[in-house]
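Asker: Sharing a structure with you now.
The values are calculated or read from the model by the stated rules, or taken from the named source; none is laboratory data. Keep in mind the model is a prediction, meaning the values are calculated, not measured. Neighbour counts are summed over all protein chains in view; Cβ atoms, including those assigned to glycine, are modelled from backbone coordinates with ideal geometry.
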């Protein structure tokens, strides 16, 4: 429970006075430690700034390493420097104000024109988020709410347009020649990155600029959009430099006993050193040139202290020539403070190990090694109702037991053999015990990359022997996991709310349908489909013994009716696991599957019947609910496993040898294709080719030829489908969707076909040819990557080369696509992550602005989209 | 049925934005990176795959491959001749498309051209038509002798008659449209499955063709959201983005619910103009300083926030994760409320028990 919450955060700049007030130490010594390794007073590791050495005490707050948060110090700069990051803002202000009277270069009329907008601008900001509306204490009547919701986006849009218009006006002030108040001619002002300003060709000193900025009135600043009471522009010039506490720039002691300072400390040392030299030179009355040089050096040191990647400034380097990581670098980018440490959270109560398959557990279970279950804990809140159970747990010496005891007043004690009995006797309602995981606890299971929400699902714990997480094969698809060494993570939800959410919202059985389009993502693959097919095809009959074996695997004890011969039909066995209320008709290829009241009447069950459009899983999920769908998948898997053991399927190389007749027709297809290609070539030569829109003659020829050669493979596909029956096991598995497809069957046993690089035939290499084994501009398809043989027959060295070209291209393409689509996803998610559906079905963003009046136009959940269409 | 319908409703609080982003981002890896033209398909030459999605989401001012589908009015849908006539009306033919040869004479600032008969026939134009079109030009004298048309420049914008100026003028004349609508480019005829004809133009110029007779004004389709916005307004542009996204995803063989592409389209358009999904668009105009800084250009956002004394209202997801507060989507939007009087009753009750 949070006692206080941050409601909003305001960003401002700090005044020199404030810096002095904040500062606990004025840093004057350009050094860190003395010879004994003890911090020097007034040095950069001054003990008033906090402590990093265990054993030392902070001189400001008396805290030790863990309790002292660190304190700021300051460096008094003898000459002002410009804060490099604010240089642009300074330029804007100098340009917008008069050089002699420092008033804004707008006449009274112009000011009157924009003032109303500004008043509105300021007001809008005041009322922006009405946080109180969300506080529990102020429950508002429902009728009042719509008006609030509508008002917010209006204000928001106005604010953004106003500030934009205003900036346009301010930017134009650059061209004003004469001050409307004092009449002074405005000289040309030039800004040179990063921190140099020139007035009429003469360099402006930071103290001149500071004087100028000081004289700009708060009223004029308000016109530019700056609130002078909060941020004064003269604070953009550094007079006193804030020195961060040592805690954020800790030094490390190397093995050799040598101390190594943080980059920031190094940079601060440079600043102090330069500052000191400058002071000495000024006191000694050195010539102006030398002072100016040193001043510029100080400016450089300060610039790189803030941002070591400032454009136009040489990078400050460490002794080892490594560029220093200064303030801006600490915040920026993927490894910066914001994205790496603040948006990325680290957790306790998590575990990680290799995953392996286990089809005997449910899809929403996870097999967990006992070692992990012993280490992960879940809080057990002692109440007067469960105190005896809790005590029982506590007294146990072995798993499952209690590992930690947290008393009512927050005292934590580790349970051990010595204090076990004693603590067990002492517990009372209100205490919290940390209990080891047991069967049935819900944990979150995750595999990276976490591309969609089904990459994190809740599973019930099943403690199993072994050292790997066990995952049901059907549940591996949403995680995109395979079992070749993949590792996955487990997180244990700790609060009761989190456990409830895991159980009722994140549970794997709730995620059977995808949020993408409402199709099943947890479904059967490969062997399971083969098994189901072996069970449900027309010739599948089983003896009583086999039928009993099959059904007992799913815990069904009554047999279906046998036929005349005392045999049991496979479909009847399979029908036993389909809920009675299911009636569907699904078509795939030549197979029509008809199920009436949970009984298969016609057809066999293949992949599309299990997980395709209008499929069993979808139907069971929508009529009988997620639990029934889960049990169906579990049972189907078990049945299929038994049936594959009984009547397994195997393939061998022989399956890929084609009969002579097929070989002959294949040769016909190839020669026909070659002839067609030659026809296109003659047409091209005779300039009779009909041009494709937007294409040159040559390009048209290429495209048409490529298309023609590509078609050869399609023809072969049709031929194969016609001439090879499903008795061929490779073919059968392709047809029912278990493994492989007809396309790769063709490539294996008939012809590999046209290879493609960048979507067209390979073309690069030598002048007019890809390989030197061909004449120039050869029109033989083989010379441009048409492969007439399949993998069984084998490739010759030319084919091999062409194939490698295509393979290299697609491999490169794949790795590039992941980078591009990864960035696309980051952008989409950053743009839309605040959107949620309101109570009224509308979609709102973070500022309550209306994105959609009703989600998706009809308020229907995409998960249930397919279900709703059917009804 | 009506009872069932409520079962399909999306739950209040559902983080539909994130779901949409994931639904489009997750299959992104399966899409083609480079745009090829579908071999053998003669029409609908559009950029496909990831580049097209990025083009849409970036809100680029003009698409790489603009396209318009123009339908004839309903009565002419199946009449091929009418459609051909319409095509002639629209298709842009430049002077240089029908030239046999052209000679430039800088001495007397003239250019003589001969027209190629076959090419004229191709576009069903006559020499006379070309001549009359040319005679409407300003600042030139035109004469026709023996099928040689001579164009003499009488007035040049510059004071000097430099050869450069003359060349520019001649090139402009050769690039002039002598028939059709300027900027419309090539137009091809296509046919739907049910036999209706329509025209496909590789340009994005709705305003140029919308007033032409014989066109079904309600059915003009353009793949450029900006052009659609200029002519039909923001809602139409929203639908264009939705449709283009959906088509692109579908041609990659991926099924994604339209709700998700619709969410992206609405994100880009609900401000009233088309904003890109990126640092210069939707993300760059977020209310929260932290959300912007965590995305890109971290330092810039913090510095500007300091200069203008901005306040982060901490209402979005990113900033609440950053500071460690509960986020405002999903189950996080649910708040419990209790009236103070009720609270007193409860505490009275519980104290009585004890």
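Asker: What's the number of the condition residue B:258 fails, among (1) more than 9 Å from chain A (Cβ to nearest Cβ); (2) closer than 23 Å to residue A:516 by Cα; (3) without any contact (Cβ under 8 Å) to a residue 60 or more places away in the chain?
Answerer: Condition not satisfied by residue B:258: (1).
Asker: Hey, which of the strands (runs of 3 or more DSSP E) in the stretch A:384-457, taking only ones fully inside, have at least 3 residues that are surrounded by 17 or more Cβ atoms within 10 Å (Cβ to Cβ) and in contact (Cβ under 8 Å) with a residue 60 or more places away in the chain?
Answerer: Output list reads A:442-446.
Asker: Answer yes if at least one residue in the stretch A:764-782 is at pLDDT below 90, touching a helix residue (DSSP H, G or I) at 6+ places or on another chain (Cβ under 8 Å) and assigned to a helix (DSSP H, G or I), and no otherwise.
Answerer: Yes: one or more hits.
Asker: In the stretch A:503-537, what count of residues is obtained for those that are part of a helix (DSSP H, G or I) and more than 20 Å from residue B:15 (Cα to Cα)?
Answerer: Residues flagged as part of a helix (DSSP H, G or I) and more than 20 Å from residue B:15 (Cα to Cα) within the stretch A:503-537 amount to 11.
Asker: Another question, if that's okay. From the list A:575, A:608, A:586, A:552, which one is outside the structural domain of residue A:733 (by TED's automatic domain parsing) and in contact (Cβ under 8 Å) with a residue 60 or more places away in the chain?
Answerer: One residue alone meets the criteria, A:608.
Table: residues versus (1) in contact with a strand residue (DSSP E or B) (Cβ under 7 Å, 6 or more places away or on another chain); (2) more than 23 Å from residue A:863 (Cβ to Cβ).
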{"site": "A:603", "(1), (2)": "yes, yes"}
{"site": "A:606", "(1), (2)": "yes, yes"}
{"site": "A:626", "(1), (2)": "no, no"}
{"site": "A:634", "(1), (2)": "no, no"}
{"site": "A:638", "(1), (2)": "no, yes"}
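Asker: Where in the stretch B:30-149 are there strands (runs of 3 or more DSSP E), lying fully within it, with 1 or more residues that are away from chain A (no Cβ under 14 Å) and modelled with pLDDT under 80?
Answerer: B:99-105, B:110-115, B:140-145
Asker: I need the full set of residues from the stretch A:293-325 which are in a helix (DSSP H, G or I) and either surrounded by fewer than 18 Cβ atoms within 10 Å (Cβ to Cβ) or not assigned by TED's automatic domain parsing to the domain that holds residue A:281 (or both), in order please.
Answerer: Those that are in a helix (DSSP H, G or I) and either surrounded by fewer than 18 Cβ atoms within 10 Å (Cβ to Cβ) or not assigned by TED's automatic domain parsing to the domain that holds residue A:281 (or both): A:293, A:296, A:297.
Asker: Free of Cβ contacts under 8 Å to residues at least 60 places away in the same chain and outside the structural domain of residue A:719 (by TED's automatic domain parsing): which single residue out of A:795, A:828 fits that description?
Answerer: Step by step, each of A:795, A:828 is checked, and only A:828 is free of Cβ contacts under 8 Å to residues at least 60 places away in the same chain and outside the structural domain of residue A:719 (by TED's automatic domain parsing).
Asker: For the stretch A:1-53, name all the residues that are assigned to a loop (DSSP other than H, G, I, E, B), out of contact with any helix residue (DSSP H, G or I) (no Cβ under 9 Å at 6 or more places or on another chain), in contact (Cβ under 8 Å) with a residue 24 or more places away in the chain and loosely packed, with under 15 Cβ neighbours inside 10 Å.
Answerer: Residue satisfying the conditions is A:37 alone.
Asker: Kindly provide the set of residues from the stretch A:269-290 that are in contact (Cβ under 8 Å) with a residue 60 or more places away in the chain and in contact with a helix residue (DSSP H, G or I) (Cβ under 7 Å, 6 or more places away or on another chain), ordered by number.
Answerer: A:271, A:275, A:278, A:282
Asker: Does residue B:283 qualify as being at the interface with chain A (Cβ under 8 Å from one of its Cβ atoms), in contact with a helix residue (DSSP H, G or I) (Cβ under 8 Å, 6 or more places away or on another chain) and part of a loop (DSSP other than H, G, I, E, B)?
Answerer: yes
Asker: Exactly one condition in (1) surrounded by fewer than 19 Cβ atoms within 10 Å (Cβ to Cβ); (2) in contact with a strand residue (DSSP E or B) (Cβ under 9 Å, 6 or more places away or on another chain) is not met by residue A:238; state its number.
Answerer: (1)
Asker: Among what's in the stretch A:803-860 and is outside any helix (DSSP H, G or I) and at positive phi, pick the residue that is nearest to the other protein chains (Cβ to nearest Cβ).
Answerer: By that ranking, first place goes to A:859.
Asker: Taking residue A:393 and the conditions (1) modelled with pLDDT of 90 or more; (2) over 26 Å from residue A:488 (Cα atoms), which numbered condition does it fall short on, given that it satisfies the others?
Answerer: Exception for residue A:393: condition (1).
Asker: Ok, one more. Is there a residue in the stretch A:326-336 that is part of a loop (DSSP other than H, G, I, E, B), within 15 Å of residue A:262 (Cβ to Cβ) and touching a strand residue (DSSP E or B) at 6+ places or on another chain (Cβ under 8 Å)?
Answerer: Within the stretch A:326-336, not a single residue is part of a loop (DSSP other than H, G, I, E, B), within 15 Å of residue A:262 (Cβ to Cβ) and touching a strand residue (DSSP E or B) at 6+ places or on another chain (Cβ under 8 Å).
Asker: Could you please find all residues in the stretch A:510-533 being farther than 19 Å from residue B:22 by Cβ and surrounded by 24 or more Cβ atoms within 10 Å (Cβ to Cβ)?
Answerer: Those that are farther than 19 Å from residue B:22 by Cβ and surrounded by 24 or more Cβ atoms within 10 Å (Cβ to Cβ): A:523, A:524, A:528, A:529, A:530, A:531, A:532, A:533.
Yes/no matrix, rows are residues, columns are (1) modelled with pLDDT of 90 or more; (2) surrounded by 21 or more Cβ atoms within 10 Å (Cβ to Cβ); (3) at the interface with chain A (Cβ under 8 Å from one of its Cβ atoms):
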{"site": "B:251", "(1), (2), (3)": "no, no, no"}
{"site": "B:262", "(1), (2), (3)": "yes, yes, yes"}
{"site": "B:265", "(1), (2), (3)": "yes, yes, no"}
{"site": "B:272", "(1), (2), (3)": "no, no, yes"}
{"site": "B:295", "(1), (2), (3)": "no, yes, yes"}
{"site": "B:301", "(1), (2), (3)": "no, yes, no"}
{"site": "B:308", "(1), (2), (3)": "no, no, yes"}
{"site": "B:334", "(1), (2), (3)": "no, no, no"}
{"site": "B:338", "(1), (2), (3)": "no, no, yes"}
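Residues are listed down the side, and each one gets a yes or a no for (1) over 23 Å from residue B:88 (Cα atoms); (2) in a helix (DSSP H, G or I); (3) outside the structural domain of residue B:82 (by TED's automatic domain parsing):
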| residue | (1), (2), (3) |
| --- | --- |
| B:198 | no, no, no |
| B:213 | no, no, no |
| B:236 | yes, yes, yes |
| B:245 | yes, yes, yes |
| B:250 | yes, yes, yes |
| B:253 | yes, no, yes |
